[in-house]
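Below: the structure, in structure tokens.
The values are calculated or read from the model by the stated rules, or taken from the named source; none is laboratory data. Here the structure is a predicted model, which means the values were calculated and not measured. A quick note on method: Cβ atoms are made from the backbone with ideal geometry, for glycine too, and the neighbour counts reach across all protein chains shown. Protein only, heavy atoms only, side chains kept; ligands, DNA and RNA dropped before computing areas. Shrake-Rupley method; radii C 1.70, N 1.55, O 1.52, S 1.80 Å.
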Amino acid sequence: MAKCSLCGNEAVATIRYARLKLCKDHFISFIQRKVKRTIDRYGLIERGHRVVLAVSSGKDSVCMADILVKLSKELAYEVVAIHLDLGIEGYSSKLRAAFVELCTRLNVVGFIIDVVELLGGMNVADLAKKLRRPICSVCGIVKRYLLNAVAEALNASSIATGHNADDMVCYIIKSFLNQDYAYMSKLTPKTCPVPGAVPRIRPLYEVYERETLIYCILRQIPYVHTPCPYAPRRSLDVELKRALSLLEEHSPGLKISFLRRFVRNASKYKQESAVYVQRCSYCGSISSSSKCAFCKITEKALGKPMGMEVKKKIEALIQNRDRR
Amino acid sequence: MGIRIIFLPNNEEVVLSERCIRVRDIIRRLCLSSEECVVIVDGVPVTEDRIVCEDQKVEVVKVFSVG
């Protein structure tokens with residue numbers, strides 16, 4: 001039986017890069033301290049901030065929510081949890097139920113945004129079918145737009161997402177392979193504040209995906225482990241993550257050192273890829289052209305750009321402030 | 001009887017012929033790396049040094065396949 005390096009109790013996890021074996025209690029506090037250090041190191045949250053927790057009910061977002069709620073008292077900021085119900089049959093209902101359970105358990109205000117209701121009875125799969133576009137690309141546009149709209153309506157300082165170290169290394173390498181430096185420059189722990197776009201923060205930037213899973217199991221946090229039914233079975237992301245995990249096994253800590261070096265250099269990529277930011281002529285959201293992606297896809301699929309209407313519906317929902 | 005291993009999230013099963021085996025050897029036999037999976041014995045994550053026996057519930061979670 002392996003013993004905890006700190007107390008001698010039975011160890012539940014090995015942290016190779018820190019040369020530690022930790023018991024349940026020490027593992028939980030290790031991850032929580034790691035997130036707090038990330039918040040301090042990159043200045044993610046300040047006293048008095050209102051942080052929107054974007055919770056999909058997967059392991060990473062519930063881990064992020066659990067830790068940020070715990071740290072909110074110590075660091076004096078406010079949290080509001082948001083869940084987007086995408087209306088995927090046989091899947092979204094499980095995520096929604098887990099979100100309600102999480103909010104009750106963490107005693108946090110939670111809002112559920114029903115995408116089908118906002119899009120006049122269409123879910124993201126219907127929308128993608130009508131647009132003849134890959135569902136993940138349409139889903140991404142809808143989620144980004146709605147999260148920003150909710151955060152704006154809540155007057156939030158930032159939107160926290162559950163992206164972990166494995167996700168970030170994978171995205172950076174993928175964007176390098178595609179030579180997409182504009183996207184690459186955004187893959188930092190905090191996106192730059194732009195008027196009209198609420199900054200995104202990634203408090204799990206230095207937490208490995210394996211660690212978020214162990215954290216959720218040990219803390220017994222409700223999460224849905226089945227992946228989205230539309231997620232490709234052998235995606236490039238998973239293959240890249242598997243390959244990188246072999247490198248990590250060979251050189252423990254490789255991903256974290258890579259991410260820290262990347263953050264130091266990220267501003268260089270930004271200068272090379274400056275994009276002129278405009279306002280959408282329909283809804284006023286920031287966009288790289290005169291019409292934002294959300295207004296473009298809703299106009300094509302539903303006959304009219306829905307940005308402004310959706311924003312008004314969200315504002316009404318927030319004003320009612322009925323806790324779900 | 002052997003050790004029955006359940007993979008998560010897809011619930012596939014594999015039976016190893018051994019009566020007792022070290023977690024490190026399970027991971028090797030399954031051609032996984034220790035960074036891409038978490039082994040859970042009777043509901044609790046364990047380290048690679050742990051020896052598991054056939055009367056225990058062994059689950060292997062493929063980290064990158066979990067939602």
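With a cut-off of at most 12 other beta carbons within 10 Å, and DSSP calling the residue loop, which trypsin sites (Lys or Arg not before Pro) in segment A:71-161 qualify? Please list them. Intermediate values should be presented prior to the final figure.
Details: sites: A:Lys73, A:Lys94, A:Arg96, A:Arg105, A:Lys129, A:Lys130, A:Arg132, A:Lys143, A:Arg144; in loops: A:Arg132.
Filter output for segment A:71-161: A:Arg132.
Going by amide H atoms built from the backbone, whose H comes under 5 Å of the H on A:Lys3, apart from near neighbours?
A:Ala11
Roughly what % of DSSP beta bridges within chain A run antiparallel, to the nearest 5?
Of all bridge pairs located within chain A, approximately 35 percent are antiparallel.
Distance from the Cα centre of segment A:209-286 to that of segment B:1-61, in angstrom?
Taking the Cα centre of segment B:1-61 as reference, the centre of segment A:209-286 is 27 Å away.
Quick one: Karplus J couplings for segment A:136-152, per residue in order, coefficients 6.51, -1.76, 1.60, θ = phi - 60°, nearest Hz, x for Gly and Pro?
5, 6, 5, 4, x, 4, 4, 5, 4, 5, 5, 4, 5, 5, 5, 5, 5
Which value, in debye to the nearest 20, gives the size of the charge dipole of chain B about its Cα centre, when Lys and Arg are +1 and Asp and Glu are -1 at the Cβ? Before the final figure, lay out each step's value.
Working: 9 positive and 12 negative charges, 20 e Å.
Around 100 debye, computed over chain B.
Using a 1.4 Å probe on protein heavy atoms only, how many Å² of accessible area do B and A hide from each other, summed over both chains and rounded to 100?
2300
Shape call for the protein assembly as shown from the C-alpha gyration tensor, a ≥ b ≥ c root eigenvalues: rounded (a/c under 1.5), prolate (a/b greater than b/c) or oblate? Intermediate results must be reported in sequence, preceding the final value.
Details: a/c = 1.73, a/b = 1.62, b/c = 1.07.
Prolate, because a/c is 1.5 or more and a/b exceeds b/c.
I need the trypsin sites (Lys or Arg not before Pro) found in segment A:173-262, filtered to DSSP loop residues with at most 10 other beta carbons within 10 Å of theirs.
Filter output for segment A:173-262: A:Arg233, A:Arg234.
About its Cα centre, how strong a charge dipole does the protein assembly as shown have in debye, to the nearest 20, once Lys and Arg get +1 and Asp and Glu get -1 at the Cβ?
Value, rounded to 20: 1060 debye.
Per-residue HN-Hα couplings for segment A:205-221, Karplus 6.51 cos²θ - 1.76 cosθ + 1.60 at θ = phi - 60°, whole Hz, x for Gly and Pro?
3, 10, 9, 6, 4, 4, 6, 5, 5, 4, 4, 4, 5, 5, 7, 6, 7
Using the Karplus curve 6.51 cos²θ - 1.76 cosθ + 1.60 with θ = phi - 60°, work out ³J(HN,Hα) for each residue of segment A:124-134 in order, rounded to whole Hz, and write x for Gly and Pro.
Residue by residue, segment A:124-134 yields 5, 5, 4, 4, 5, 4, 5, 7, 6, 10, x Hz.
Lys/Arg Cβ at +1, Asp/Glu Cβ at -1, dipole of segment A:116-246 taken about the Cα centre: which of A:Leu154, A:Leu204, A:Leu236 is farthest positive-ward?
A:Leu236
Using modelled backbone amide H atoms (1.01 Å from N, in-plane), which distant-in-sequence or interchain residues come within less than 5 Å of A:Leu20's amide H?
Excluding prolines and chain starts, which carry no amide H, the hits are A:Ile15.
What are the residues of segment A:239-261 that lose 40 Å² or more of accessible area, with a 1.4 Å probe, going from their chain alone to all protein chains?
A:Arg242, A:Ser245, A:Glu249
For chain A, the longest stretch holding no GluC sites (Glu not before Pro) located in a DSSP loop with at most 14 other Cβ atoms within 10 Å is which?
Value returned for the longest uninterrupted segment is A:90-324.
For segment A:1-137, with the dipole built from +1 on Lys and Arg beta-carbon atoms and -1 on Asp and Glu ones, taken about the Cα centre, which of A:Val108, A:Tyr42, A:Ser56 lies farthest toward the positive end?
Of the listed residues, the answer is A:Tyr42.
GNM, chain A, Cα, under 10 Å: largest mean-square fluctuation among A:Tyr230, A:Tyr205, A:Tyr42?
A:Tyr230
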